[in-house]
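See below for the structure under consideration.
The values are calculated or read from the model by the stated rules, or taken from the named source; none is laboratory data. The structure presented is a predicted model; accordingly, all values stated were derived computationally and were not measured. Quick reminder, even Gly has a Cβ in these numbers, built from the backbone with ideal geometry, and neighbours come from all protein chains shown. Keep in mind that these areas ignore ligands, DNA and RNA; they rest on the heavy atoms of the full protein, side chains included. Shrake-Rupley method; radii C 1.70, N 1.55, O 1.52, S 1.80 Å.
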Amino acid sequence: MDLIHPHTPAEVADALRAASAKGVRLLVVGGRQHIDKGNPVEVDAELWTTGLDRPVAYDPAEMLCVVEAGVRIHDLNELLAEGGQEWPVDAPSDATVGGVIAADVALPRQLRVGALRDTVVEMEIVTGDGRRVRSGARTVKNVTGFDLHRLLTGSLGTLGVITQVALKVRPLPKAARTLMTTDGGIELGRRILAEVPLPAAVLASPDSVVVRLEGWEEEVAEQASVLGGLTSFRDVEVFPPPLFPDAPIVAEAAVAPSALEALLDGVGEYRASLGVGHAWVPCPNLETLTRLRDGVDELGGIAPVIRGQGGLGDQTLPAPQIQRGIKAAFDPAGILAPGRFST
């Protein structure tokens, strides 16, 4: 398989124009940390974005950072830490910024920091036929037109290649603690969510609940005191905790937050983000995955696989004609990972 390694947006555009002209099917690749998300596809070449690895601008006073899409998360973290700030995605250190956005990675701290797409204020992309497009703006007063950067977030590299983004960042918390309870379950997680003021994350498993606390020293101390009145706990060093490293398949279910308990009733292993509606479930085989998806479907949710086999499942996409029209507008020759987002 051919590997394409552009180092500038212009080289990305040249590569996509040539691929469209010849009908060469491409898979856009960053750090390969989220490569299992999406349906399996057959391609002729991979276009790697890791050569687009330069910071463009960083203004701590404006809490805005502009980087090329191939910048690794560990490099971005180091840059932002110099300004006492962070992009709160908690992604693997070798992941790329563009890859995290293209996969629309669920944030462990979404309860406190919001959804990933809300942190992307401007995006530059190259469409399948080589057009360079910018969406959004670094200042709110300059925003005009459609929010194409929101459309590209989660598109899995099927509409265009992300080359540069402007990110809204936040101050690093003055204090942070990760606490693990000695008991578990959704019900305990709900009690913690209801009683502990403004936790950054409440991640429930059958045998424990991981609670992330962030803020000022006094705020975190008060939160921990309230938690201590509900259950016993211990401090742990790692956040987020490893996500079932030995499981061959991990699905990421998304349902209404109120439906989590019904979804996970009888499920032996899981990690559920209380107040958000995400649940990560390890599956030993495709049969178990199918049963999980049947339950998710009944609750009106989705359950893409983020590790292993299984893709996005066979759930029908809403408004298929509109979906096909969007694909044709951005990728007229259909060269970008055909079938990865929909069959």
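Details
- Rolling a 1.4 Å probe over the heavy atoms of the protein chains gives region 1-56 an accessible area of 51 Å² per residue.
- Computed E for E298/I322 - FRET, C-beta separation, R0 22 angstrom, nearest 0.05: 0.30
- D207 contributes an accessible area of around 110 Å² to the protein surface, as traced by a 1.4 Å probe with all chains present.
- Put simply, the Cα atoms of region 49-136 extend 38, 25, 25 Å along their principal axes, the longest span coming first.
- The label point for Q315 and the one for E187, both projected 7 Å from the Cα toward the Cβ, are 2.8 nm apart.
- S232 paired with H74, simple spin-label distance in nm, labels 7 Å along Cα-to-beta-carbon: 3.8
- Taking every protein chain into account, the 1.4 Å probe leaves I335 with about 0 Å² of accessible area, to the nearest ten.
- For A201, the amide hydrogen comes within under 5 Å of the amide hydrogens of R212, counting only partners 5 or more places away or on other chains and with H modelled in the peptide plane.
- The chain, accessible surface, carbon-and-sulfur percent (1.4 angstrom probe): 52
- Distance between modelled label sites at D207 and E269, nm, 7 Å Cα→Cβ extension: 1.1
- Net length gained if the chain between T288 and A262 were fully extended (0.36 nm per residue, minus Cα distance): 7.7 nm
- Loop-located trypsin sites (Lys or Arg not before Pro) in region 161-194 whose Cβ has at most 16 other Cβ within 10 Å (DSSP): K174
- Solvent exposure of region 164-322 as accessible area per residue, Å², 1.4 Å probe: 49
- FRET efficiency for the pair H7 and R131, taken as 1/(1 + (r/R0)^6) with r the Cβ-Cβ distance and R0 = 22 Å, rounds to 0.65.
- Other-chain or far-sequence residues with amide H under 5 Å of Q164's (modelled H): A69, E124
- Lys-Lys pairs in the chain that are eight or more residues apart or on separate chains and whose Cα atoms lie under 30 Å of each other come to 7.
- Q85 long-range amide H proximity, modeled H, under 5 Å: L172
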